[in-house]
1. Return the carbon/sulfur percentage of the accessible area of the chain, one whole number, probe 1.4 Å, all protein chains in place.
2. Hand me the trypsin sites (Lys or Arg not before Pro) from the range 25-81 located in a DSSP loop with no more than 10 other Cβ atoms within 10 Å, in residue order please.
3. Could you give the DSSP H helices of the chain that reach 27 angstrom or more along their long axis (alpha carbon positions) and whose average Kyte-Doolittle hydropathy is no lower than 1.6?
4. Give me D for the chain in µm² s⁻¹, whole number, from Stokes-Einstein with Rh from the Kirkwood sum over alpha-carbon pairs, 25 °C and 0.890 mPa s.
5. Taking the highest mean first, how do the peptides 19-27, 1-9 order by number of other beta carbon atoms within 10 angstrom per residue?
6. What ratio of Cα Rg to 2.2 N^0.38 Å holds for the range 2-41?
7. For labels at Lys2 and Leu68 in the simple 7 Å Cα→Cβ model, what's the distance in nm?
8. Percent relative contact order of the range 3-78, based on C-alpha pairs within less than 8 angstrom and at least six residues apart?
Amino acid sequence: MKIPHYITLILWALGIVNLFEPFNGFLFFIASGVFYLLLIAHLIECYIFRNKILTSQDSPFVAFSMTLLFGVIYLNSIKES
């Protein structure tokens, strides 16, 4: 995995940990904001690029899951056919 993958996963982890065990103070707002922005942005990407995702070599479940996790990073790795 490359550095952008790690950064994205760390941001997701920060938001998910904040959901189950909320942070105190300002970090709570940062973690919540990052989590919900990532979630909304990647859901929009799934909707906009659904044709590209469905034509990828991965199964639809895997392709949509990877798009939810990594977004544009994963979409750029899909080969155009």
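1. 73
2. Values: sites: Arg50, Lys52, Lys79; in loops: Lys79.
In loop regions of the range 25-81 (DSSP not H, G, I, E or B), the sparsely surrounded trypsin sites (Lys or Arg not before Pro) are Lys79.
3. Helices passing the filter in the chain: 26-48.
4. Estimated via Stokes-Einstein, D reaches 182 µm²/s.
5. Highest-to-lowest ranking by the protection proxy: 1-9, 19-27.
6. 1.13
7. Label-label distance for Lys2 and Leu68, simple model: 2.4 nm.
8. Worked out over the range 3-78, it gives 33 percent.
The values are calculated or read from the model by the stated rules, or taken from the named source; none is laboratory data. Given the structure is predicted, the values throughout are model-derived calculations rather than measurements. For neighbour counting, all protein chains shown are included, and Cβ atoms are generated from backbone atoms with ideal geometry for every residue, glycine included. The area values use the complete protein model at the heavy-atom level, side chains included, leaving out ligands, DNA and RNA. Shrake-Rupley method; radii C 1.70, N 1.55, O 1.52, S 1.80 Å.
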